[in-house]
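In what follows, a structure is listed as structure tokens, so that the remarks can point back to it.
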Amino acid sequence: MENTFEDVEPSMEGLSFDHFREEVLHDYRWICISREASLLGRKEVLTGKAKFGIFGDGKEVAQAAMAKFFQPGDFRSGYYRDQTFMFASGLATVQQFFAQLYADPNLENEPFSGGRQMNAHFASRFVNEEGEWLDLVNRKNISSDVAPTAGQMTRGLGLAFASKCFRNVKELQQFSNLSDNGNEVCFCTIGDASTSEGHFLETINAAGVLQVPLVIFVWDDGYGISVPKKYQTTKASISEALKGFQKEDGTNGINIYKVKGWDYAGLCETFEEGVRLARQTHTPTLFHVDEITQPQGHSTSGSHERYKDSNRLEWERQWDGIVKMREWIIANALATSEELSDIEMEAKENVRNSKAAAWEAYLNPIRLQVSNSVALLKGVADKNNSFANEINALSNELSSIREPLRRDVMRIINMALDITGNGEISFLLKNYYVELQKENKKNYNTFLYNEGPKSALKVEEVKATYADETSNINGFEILNKYFNNLFASNPKVFAFGEDLGYIGDVNQGFSGLQAKYGSDRIFDTGIRELSIMGQGIGLAVRGLRPIAEIQYLDYLLYGLQPLSDDAATLHFRTKGQQSCPLIVRTRGHRLEGVWHSGSPMGMIINALRGMYVCVPRNMVQAVGMYNTLLRSNDPGIVIECLNGYRLKEKLPNNLLEYTVPLGIPEKVKEGTDITIVSYGSTLRIVLDAVQLAEKQNISCEVLDVQTLLPFDINHKILESLKKTNRIVFVDEDVPGGAAGFMFNKVMEEQGGYRWLDVSPRTITAKAHRPPYGSDGDYFSKPNAEEIEAVVKEMMAE
Ligand SMILES: Cc1ncc(C[n+]2csc(CCOP(=O)(O)OP(=O)(O)O)c2C)c(N)n1
Ligand SMILES: [Mg+2]
């Protein structure tokens, strides 16, 4: 069933009675359709046609009202209850909703995630296949949902903040497909219980400080799964608890409204005012939508009778939004009970049909695979009597599966190939198997990174060049000159973080640049790593080029969740429809003590698949990596060496042009006896050790991997190992961290084990953090003497 939704007026004021009546019934129709989708959706799960279901029943009336004020150009950052909003906004059909419930991998059937996300995790397309941003101003935009509760908040902050950037930075007006002078609001939905998360509270505070058009709808159904709100929220009321944030005359803050979730007229009136103010004045707004019900409980995984008493259940039946809206329509003579019953009947019929269509569209391609496989199996059985019975049995097994999955097809063909062997007889079957493997790979394993022209791996290498007379300058000055050129040349670039604006970051990379490029583009933030990351994600998703700073790598942990769950998965979970070209800038590795020596690279590369992880050994390399990332659409993190800002480097004269290709190690010293692989600050310790070893006549070859994700894509390290037959991986992560990762890549993926004369080694930091002081560092992180000793030992082996 297709939605046929004309644009609704943002306000009901001034409507004729007929028009008003029409609009109310139109909403009522979607409300009934949505309820029916919830009821049938649950049944599909309970009868085994889908694995899991979570539905928006009980929230329909509020969401139909909400949809009225969502305009083209606006963004939504929401969670899994918003199906009614999606239907009523014309952004999802019921058929698409069911396609997602069934995990249909065809993007044409399931346009939110191509079967990758659980049901009710919505998205709309932001970028085309070439990686160019679409015209987002003339469409309604759904940023891709995540399941971690409140994960949508920090991204929502960023999406709203982008409107402020577009409104304030005049050079951005040329990008008329991305914003209409910042008039877009971001609708953010969240459940009552999830407001307990730090993400929510941090976002509220940041939005109140920043003054951004973030409009938050709290769907308060009184529970977070089974836990009632008295255990969740101070005073059991989020609007009460937040009172100190209320904006007053002459202050910043947020506008807070409370409204009842079954009160259609009240909802429309309240939403109209709050959204209008947010749009015009960029004042954040929170609607506490209370007295909402949950007729089917939390999800298909449980039943609410286990934790709601009979009084509550009875109350929910009586105060169900649909019951109340029905009463209101009749009381106001907008329709008769019979007319409403007709709408309800029609809704049931519609949903039944849409559900059936979704199921057919989902199952047909699999049925085709089954029939193709059965025909090929028959062909094999016909040709050879000795295993005909076994093959026919497999064929029968496959065709008797009532609701086959793709994996059933693969399992049966694989069993048949085990029986037939690889000969001529199974040629066609084997071909088909390989074809299906390819198809399934496309369905399930693509788009972790951009694969088209905006892939960072397609950025051409341009070498740094140097004018003859250049002298050495401090590393931070190289960055400073680079950022100066960058901000002069690219209006889409923004930089922000703790102490980044006024003083130009703790190591002066941005020194003097706020004065030059303005505090709208280079600015300080509160101490809130989590929402700094969310702010960056939101800007990036809207087509800007944020450089969001984590002051010290040690504090990345505070901001890791949105990077791991949101930035790193976005392109994958939308099957390539959204991109997040966020650059996280930070500084790390050894400096001082327990809290400023972090090098948790193993943690980072394991948490951030889907991001690029750059570990430059100096600031010249860092600049080349920034240039590469800025030419691509994937998110990346650049970890500058905390102890490298005052080391002297030669200044390239093509700062904006040169690029460091990702995944290409650089040989920083040629040698013949042993290969030492390292990166970042440790590389300088390695070079000290090499000097000691060379005095002992050991010739060391040193490779800087430059990036951990991707890692040595052309197997340059293997080339070196083939020559030296000895290899050691050195870093300052914990044992088994990133050094273990490099070891695995070279031994397993590159087949390095075949070229070894002695057993390969890793040298890492100790498992504990370094105690304070230079000796604490020396005895905790790898030191030159220790590396030399291992190298000598390997030569003697
Ligand atoms: C970070 C995180 N913790 C726990 C969960 C599991 N979980 C899913 S929904 C939910 C309850 C959310 O309640 P609420 O925010 O009130 O939304 P509702 O489902 O009631 O609409 C929980 C605990 C999760 N998805 N993410
Ligand atoms: Mg709840």
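The values are calculated or read from the model by the stated rules, or taken from the named source; none is laboratory data. Keep in mind the model is a prediction, meaning the values are calculated, not measured. Neighbour counts are summed over all protein chains in view; Cβ atoms, including those assigned to glycine, are modelled from backbone coordinates with ideal geometry. Ligands, DNA and RNA are stripped out before the accessible areas are found, and what is left, the full protein with its side chains, is counted by its heavy atoms. Shrake-Rupley method; radii C 1.70, N 1.55, O 1.52, S 1.80 Å.
Mind jotting down a quarter of the surface of the convex hull over the alpha carbons of segment 187-333, in square nanometres, one decimal? Working shown, then result.
Working: hull surface 39.8 nm².
Answer in nm², one decimal: 9.9.
Taking every DSSP bridge with both residues inside the chain, close to 20 percent are antiparallel.
Once you reduce segment 515-593 and segment 721-777 to the center of their Cα atoms, the two points are 29 Å from each other.
Rolling a 1.4 Å probe over the protein heavy atoms leaves THR672 with an accessible area of roughly 80 Å².
Taking every lysine pair in segment 707-787 that is 8 or more places apart or spans two chains, those with Cα atoms closer than 19 Å amount to 4.
Can you give the translational diffusion coefficient of segment 511-662 in µm²/s, computed by Stokes-Einstein from the Kirkwood radius over Cα pairs at 20 °C and 1.002 mPa s?
Values: Rh = 16.0 Å.
Answer from the Stokes-Einstein relation: 134 µm²/s.
Axis of helix 198-210 versus longest Cα principal axis of the chain: the two differ by about 90°, to the nearest ten degrees.
Across segment 311-327, rounded Karplus estimates of 3J(HN,Hα) from the backbone phi angles (6.51 cos²θ - 1.76 cosθ + 1.60, θ = phi - 60°) give 4, 5, 4, 5, 4, 4, 5, 6, 9, 4, x, 5, 4, 5, 5, 4, 4 Hz, Gly and Pro being marked x.
Tilt of helix 619-630 relative to the longest C-alpha principal axis of the chain, in degrees (0 to 90, nearest 10)? Tilt relative to the chain: about 30 degrees. Using all pairs of distinct alpha-carbon atoms, the Kirkwood hydrodynamic radius of segment 35-192 works out to 16.3 angstrom. Each of MET345, ASN364, VAL374 was placed along the dipole of segment 344-414 (beta-carbon charges, centred on the mean Cα), and the one lying farthest toward the positive end is VAL374. Helix 784-796 versus the longest principal axis of the chain: what is the Cα-based angle in degrees, 0 to 90, to the nearest 10? That helix lies at roughly 70 degrees to the long axis. Considering only LEU172, SER759, GLY114, and ranking their Cα positions along the charge dipole of the chain that arises from unit charges at the beta-carbon of Lys, Arg, Asp and Glu, the one farthest toward the positive end is SER759. Relative contact order of the chain, taken over Cα pairs closer than 8 Å and 6 or more residues apart, is 11 percent.
Taking all protein chains as shown and a probe of 1.4 angstrom, TRP595 keeps an accessible surface of around 150 Å². Per residue, the convex hull around the alpha carbon atoms of segment 150-252 comes to 102 Å³. Taking amide hydrogens as placed 1.01 Å from N in the peptide plane, the amide H of ASN653 sits under 5 Å from those of THR465, TYR466, ALA467, each at least 5 positions away in sequence or on another chain.
Amide H contacts of CYS700 (H built 1.01 Å from N, in plane; Pro and chain starts excluded): THR672, ASP673 sit under 5 Å, all sequence-distant by 5 or more or on other chains.
Run the dipole for the chain about the Cα centre, Lys and Arg Cβ at +1, Asp and Glu Cβ at -1, nothing else charged, and hand back the magnitude in debye, nearest 20. Before the final figure, lay out each step's value.
Numbers: 84 positive and 105 negative charges, 226 e Å.
With Lys and Arg at +1 and Asp and Glu at -1, about 1080 debye.
What is the Å³ per residue value for the convex hull set by the Cα atoms of the chain? Numbers along the way, then the final one.
Numbers: hull volume 151.6 nm³, N = 797.
Here the figure is 190 Å³ per residue.
For segment 411-421, the Karplus equation 6.51 cos²θ - 1.76 cosθ + 1.60, evaluated at θ = phi - 60°, returns couplings of 5, 5, 4, 4, 5, 5, 5, 4, 6, 7, x Hz by residue, with Gly and Pro reported as x.
Using a probe of 1.4 Å on the protein chains alone, the accessible area found for MET118 is around 100 Å². Taking a straight line from the alpha carbon of LYS140, these lysines sit under 16 Å away, with near neighbours fewer than eight places off in the same chain left out: LYS68.
Of the listed residues TRP315, TRP133, the order by accessible area with a 1.4 Å probe, largest first, is TRP315, TRP133. Across segment 57-63, coupling constants 3J(HN,Hα) worked out from phi with the 6.51/-1.76/1.60 Karplus curve, θ = phi - 60°, read 5, x, 9, 5, 5, 4, 6 Hz, and Gly and Pro carry x.
Taking amide H atoms as placed 1.01 Å from N in the peptide plane, the amide H of THR189 lies under 5 Å from those of SER77, GLY78, TYR79, PHE217, each 5 or more residues away in sequence or on another chain.
Where does each of 519-531, 87-99, 493-505 land if you order them by average Cβ count within 10 Å, highest first?
With the highest mean Cβ count within 10 Å placed first, the list reads 87-99, 493-505, 519-531.
Dipole orientation for segment 608-708: of the candidates TYR645, CYS700, LEU683, TYR645 has the Cα lying most toward the positive pole (charges on Cβ; Lys, Arg +1; Asp, Glu -1).
The alpha carbons of segment 59-147 give a radius of gyration and a Dmax of 12.6, 39 Å, in that order.
State the Cα centre-to-centre distance between segment 109-186 and segment 245-324 in whole Å. About 24 Å separates the Cα centre of segment 109-186 from the one of segment 245-324.
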